[in-house]
Amino acid sequence: MQKSIERIAGDSEGVSYEFPVFRFTGTDKTAPPSAYLQAALHAGELPGVVAIDALMPMLEKAEAEGRIIGNMTIVPWANPIGRAQYLYGDHQGRFHLGTRTNFNRGFPRLAAPDLSLLPAHGTVDQRLKARLLQLSIGHDIVLDLHCDDEGLAYLYVHTSLWPAMADCAAAMGVDAVMLWDEDPDGTFEGASIMPYQNVPADVARLDRRVATTVEYRGILDVDGALAGADAEGLYRLLVARGVIRDQALSAPGSFVGLVAPIENIEMMPAPRSGAILFDVKPGDRVTKGARLATIVHAPGEPDGRTEVLAPQAGLILTRRSRRIIRAGEDLLKLVGDRTSADARSGTLED
Ligand SMILES: [Zn+2]
């Protein structure tokens with residue numbers, strides 16, 4: 001394993017950012033599958049960071065035993081800019097404060113997996129995004145580890161990779177898979193898979209390609225036992241896809257979690273501002289018309305509460321962690337059994 005330090009110059013003199021990159025070199029020289037893992041692109045989302053921390057000793061053991069077949073690149077904390085952003089004591093890891101741009105939006109959308117197409121200039125967050133794509137493009141397996149507010153473990157997967165990626169979902173032991181088609185905003189996952197959509201099949205190799213945004217539950221689910229279980233899941237995926245050899249592991253079974261198109265997600269905007277009293281939590285099944293939450297907008301007054309009801313039957317995937325809400329902000333994600341009437345539900349929303 002080799003460790004190197006990436007340096008990204010800041011936008012003013014005297015400021016720069018750095019982050020470590022770990023590389024394992026595969027023993028097989030016949031182009032076996034390779035893997036790229038990154039965590040904390042949204043810099044405060046740490047379940048994936050501690051999962052990688054738990055995974056590294058397993059990779060080092062495999063390396064010592066000569067069982068690493070394909071190359072691996074690991075970036076445990078992909079966003080040193082967001083990692084350093086604090087505003088009045090609160091960590092701000094989702095948006096770049098200098099440009100108000102979401103760190104997981106605005107990635108270059110390449111027409112082909114050709115790094116010479118990457119823009120060379122831009123603000124510091126844009127240069128970080130270009131560098132992360134440089135590090136990741138060309139790997140067969142690209143995993144971007146995130147988390148939600150409060151939630152189940154689930155994956156976003158482009159429809160061109162499903163059901164071929166069902167073994168990965170089973171290996172990781174996630175609860176659900178959301179399938180998407182459109183990524184107009186340029187997420188990292190979109191930037192990782194869209195360059196392969198209009199190239200010859202022998203370049204795209206979609207049958208062995210993996211690209212996914214992994215949502216490792218909620219922002220507070222930073223826990224040693226969960227990290228160990230998630231590391232086991234990542235390891236099983238790497239073995240199942242031939243990056244690591246481990247004859248002690250059996251192939252993953254079939255995926256038994258929920259699979260649904262992203263258009264089925266009900267985002268459930270709050271009708272009023274106020275305090276949220278939730279009736280449901282991630283993992284609950286609800287029927288149409290079931291009460292999901294009550295918004296207390298005028299405490300102590302008659303008619304001071306507004307109920308929010310399920311527009312259709314489905315599974316509660318996530319919910320907001322803070323209990324104060326403005327009108328129009330999203331309360332939770334309900335994966336319905338059919339297409340949502342909410343037009344926002346069709347794009348990758350991490
Ligand atoms: Zn995220």
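All of the numbers you see were taken from the coordinates with simple rules; none came from a lab. Only a predicted model underlies this, so the values are computations on that prediction, with no experimental measurement involved. No Cβ is skipped: glycine too gets one built from the backbone with ideal geometry, and neighbour counts run over all protein chains shown.
Summary of computed values
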| item | result |
| --- | --- |
| Along principal axes, Cα extents of the range 116-233, largest first, whole Å | 42, 35, 24 |
| Calculated P(r) of the range 1-72 - Cα pairs past 21 Å, % | 39 percent |
| Dimensions (Å) - the range 51-137, Cα atoms, principal axes, largest first | 46, 39, 15 |
| Contour excess over end-to-end distance, with Cα ends at Leu309 and Gln247 and 0.36 nm allotted per residue | 17.3 nm |
| Assigned charges on the beta-carbon of Lys, Arg, Asp, Glu; the range 218-303 dipole about Cα centre (debye) | 300 debye |
| DSSP-loop trypsin sites (Lys or Arg not before Pro) across the range 1-94, with at most 14 other Cβ within 10 angstrom | Lys29 |
| Degrees between helix 224-240 axis and first principal axis of the chain (Cα, 0 to 90, nearest 10) | 50 degrees |
| q = 0.26, 0.29 Å⁻¹: log10 I(q)/I(0) that the Debye formula gives for the range 124-169, counting C-alpha atoms only | -1.05, -1.09 |
| Quarter of the Cα convex hull surface for the range 93-183, i.e. its orientation-mean projected area (nm²) | 7.1 nm² |
| Under DSSP loop assignment and at most 15 Cβ neighbours within 10 Å, longest GluC sites (Glu not before Pro)-free interval of the chain | 66-328 |
| Using alpha-carbon coordinates, inclination of helix 124-136 to the longest axis of the chain, degrees | 50 degrees |
| Lysines with Cα under 30 Å of Lys3, excluding same-chain neighbours fewer than 8 positions away | Lys29, Lys61, Lys129 |
| Computed label-point distance, nm, for sites Leu118 and Asp90 using a 7 Å Cα→Cβ extension | 3.3 nm |
| Extended-chain gain in nm, criterion 0.36 nm per residue less alpha-carbon gap, Thr294 and Ser12 | 96.8 nm |
| Chain lengthening between Arg272 and Leu97 when straightened (0.36 nm per residue, less Cα-Cα) | 60.2 nm |
| Packing-based exposure ordering (other Cβ within 10 Å, fewest first) of Asp114, Asp202 | Asp202, Asp114 |
| Residue order, fewest to most surrounding Cβ atoms within 10 angstrom, among Thr30, Thr159, Thr99 | Thr30, Thr159, Thr99 |
| Label-point separation in nm, Thr30 to Ala111, each point 7 Å along Cα→Cβ | 3.6 nm |
| 33 Å tail of the calculated P(r), the chain, as % of Cα pairs | 29 percent |
| Förster radius 35 Å - calculated FRET efficiency between Arg326 and Arg285 (Cβ-Cβ, nearest 0.05) | 0.80 |
| Ranked Ser192, Ser254, Ser160, Ser273, criterion: other C-beta atoms within 10 Å, fewest first | Ser254, Ser273, Ser160, Ser192 |
